[in-house]
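Before any comments, here is the structure.
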Amino acid sequence: METNPIVLFGALAYFAVIFGIGWYTRKASTDANEFYVAGRKVGPFVNGSALAATYFSPASFLGLPAFIFLLGYPFWWALVGIIGGMPIATLLTAAPLRKYAPTSFTDYYADRYDTKWMRLICAFPTVICGFTYVILSIIGTALFMLCILGVPFTYSVIIASAVVFVYIFFGGMVATTMSTAFQGIAMTVASVTAAIVVIHHFGGLNGLTDAVIANNANFFNLPYVAKASHPLMNMWTGVIGFFFVWHFGFSAMPYTVVRFFTTQDIKAARRSVFWAVLIGGLMYMGLIVIGTGTRVLIENLHPLMADPNIGSAVALLKHLKAQMAVGGASLTDYSMIAAMDSLNNPWLLSIIVAGGLAIAMATAAGWTMVLNVILGRDLLGKVFGMAWPEEKPVQCTRVMTVIIIGVCMLFSFEPPGLVLDLSGAAFIIILCSVGPPLIFGLWWEKATTMAAGLTITIMTFCSAGAWLYAKFTLGSAHWFFLSDKANKISTPHQFYWVFIGLAFFIILSLVTKPCKEEVIQKYVIDLRPER
Amino acid sequence: MFKGMPKIFWIGMAIMYGWCFLFMGLEMTIPGFPLKKFLGVPACYIYNMIFALWIVPTIISYIFFKSEENREALLEKGGN
């Protein structure tokens, strides 16, 4: 692969803006309050755009079009599930958590359940999933670097890690909030622009649909009424399962929840969800069009399809994987970039690369900040009593950043799964473990410490165990882990654990000792909307 | 459980889940439903890509923050 100067220009222009914002806001990151929660002075639009950029990751930008490419139209409902779940956060978590105004994700658990050890318990799944997300963000950044520079994947991972590291090291929450807000706009512009070009190329939505059906007659088929678009979509559990995998994430995932802490007030927290939905929904509409057209674009237009040894889009992606020495499981993750490459428009590719870098870096920064605070301030400081994180918060988080990015870079050389698979696993583990104690802790007086501790511990092991068991015995984490190999049931990412986790928490809370009355008053009743 | 949660939250949930599962159900019972023409294009672009994905969630999130702001303004007036 050769470097296209226009694509390189697009990437450099993006970096110039990002590091310009970082430089302009650098003085704001000198004390703990500014570094951790941006001084709680972020307005609704900026916070909403930053929320969208942080919440949506390379798993969205690369992974969702790749899964539409693989699974067909029924996977559109997964995107609907993600955006449709976002408004829930407005009243469920954004408003009460901003009213409470903590510094860290684990603060609420420690205060509501009245023990510092809850920080350690809820840090366990959060740290595992946080590392997973930073890894997938580095992989995403590396795939875009590979497109820009044309260097082998290993070098791309090193460059991507360095870029993400510098960005976070000098940032803190102020710089990352401001630049992440810009990234939210950049990724949406990229996605919508690409969708318009794709629709224009096919002469409208009818032309796109006709071309897709001519390429794959089963693409728009749903279960029960025709031959399914893919074996995973052969029964309703596949469609509904993908709808729910990421559905509740915006309300309970640590990297979005912490952005509610940074707003000026409760009003701004609620309004920021509206802006995030508006911006994110537009971007997802673009991703649907791109994903729908990916296979037909690659197979009809990509120059490498002229090679007689390459007979399909999947074969082309395998060829590119070998050519660029991409390690591990990454294969279809590159399909969206390959589809855009097929249109032979370097200006479009430069916009896509800038948007892709924006989304990858924003998520890496969001999760690294969460991990920084949990590992430094919360565990070393609050649980184990070290003074260092409180006395020198910036130094502490920067040391943590070095460790986090270093470890994640090592795992990124051989990606352990597709970016969307890594994301799905992280979501399910978090949502079924730390999700119920957060939601019920805010809205139910009877939520108990014992129920919280047991739910987090047991659900983390059950969901991660089922996911890994299905992947290694049935070949995919999307089959029900106890399925008979000859008659597999589709349960994407073992999504049912989210509902089991909720039920498990309720039952345990009903049979265990309630928390102290003053704790319930302060962290449940006082956080309700005023009447 | 969920004591004090504004009623609009449940109304919003009913609209969002109602819309999604109604059309999902129609797709699984009527052959070729996503490709039936509506406003000159396959219907799935209208009810799924535009409405379920963007318009409905945007309207719900708008109603959520606006209704709470209106309610708080009324409370403030009442307090004064």
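The values are calculated or read from the model by the stated rules, or taken from the named source; none is laboratory data. All values derive from a computational prediction rather than experimental measurement. Backbone-built Cβ (ideal geometry, glycine too); neighbour counts: all protein chains shown. Areas reflect the complete protein model, heavy atoms only, side chains present, ligands, DNA and RNA absent. Shrake-Rupley method; radii C 1.70, N 1.55, O 1.52, S 1.80 Å.
Some observations on this one:
- Where the alpha-carbon atoms of segment A:318-420 are placed on the principal axes, they occupy 56, 28, 18 Å, in descending order.
- Looking at segment A:423-509, the accessible area is 34 square angstrom per residue; that uses a 1.4 Å probe and ignores ligands, DNA and RNA.
- Mean separation of Cα pairs under 8 Å and 6 or more residues apart, divided by the residue count, gives chain A a relative contact order of 29 percent.
- Highest mean first, the peptides A:68-80, A:517-529, A:438-450 sorted by other C-beta atoms within 10 Å per residue fall in the order A:68-80, A:438-450, A:517-529.
- Cα gyration tensor of segment A:122-171 - equivalent ellipsoid semi-axes, whole Å, descending: 24, 13, 7
- 0 to 90° range, to nearest 10: angle between helix A:153-169 axis and chain A longest Cα axis: 40
- Coarse-grained scattering of segment B:7-77 at q = 0.14, 0.19, 0.26, 0.28 Å⁻¹, given as base-10 log I(q)/I(0) from a Debye sum over alpha-carbon atoms: -0.54, -0.79, -1.11, -1.18
- With respect to chain A, whose longest principal axis is taken over its alpha-carbon atoms, helix A:172-202 is tilted by about 30°.
- The protein assembly as shown pair-distance distribution - Cα-Cα, 20 Å bins, rounded %: 21, 57, 21, 1
- Dipole moment magnitude, nearest 20 debye, chain B about Cα centre, only Lys, Arg, Asp, Glu C-beta charged: 160
- Of A:Lys522/B:Lys66; A:Lys227/A:Lys318; A:Lys516/B:Lys66, those spanning more than 29 Å from alpha-carbon to alpha-carbon: A:Lys516/B:Lys66
- Degrees, to the nearest 10: A:449-474 long Cα axis against longest axis of chain A: 20
- Buried accessible area, chains B and A (both chains, 1.4 Å probe, Å² to nearest 100): 4600
- Rg in Å to one decimal, and Dmax rounded to a whole Å, for segment A:237-278 via C-alpha atoms: 13.0, 41
- With the alpha-carbon atoms of segment A:127-214 aligned to their principal axes, the span from lowest to highest coordinate is 48, 32, 28 Å, starting with the largest.
- The protein assembly as shown, helix-only ellipticity at 222 nm - DSSP H runs n ≥ 4, -39,500 (n - 2.57), divided by all residues, nearest 500: -22000 deg cm²/dmol
- At q = 0.13, 0.15 Å⁻¹, base-10 log of I(q)/I(0) for segment A:449-531 (Debye sum, equal scatterers on each alpha carbon): -0.57, -0.67
- Long-range Cα-Cα pairs in segment A:336-484 (distance over 27 Å), rounded percent: 47
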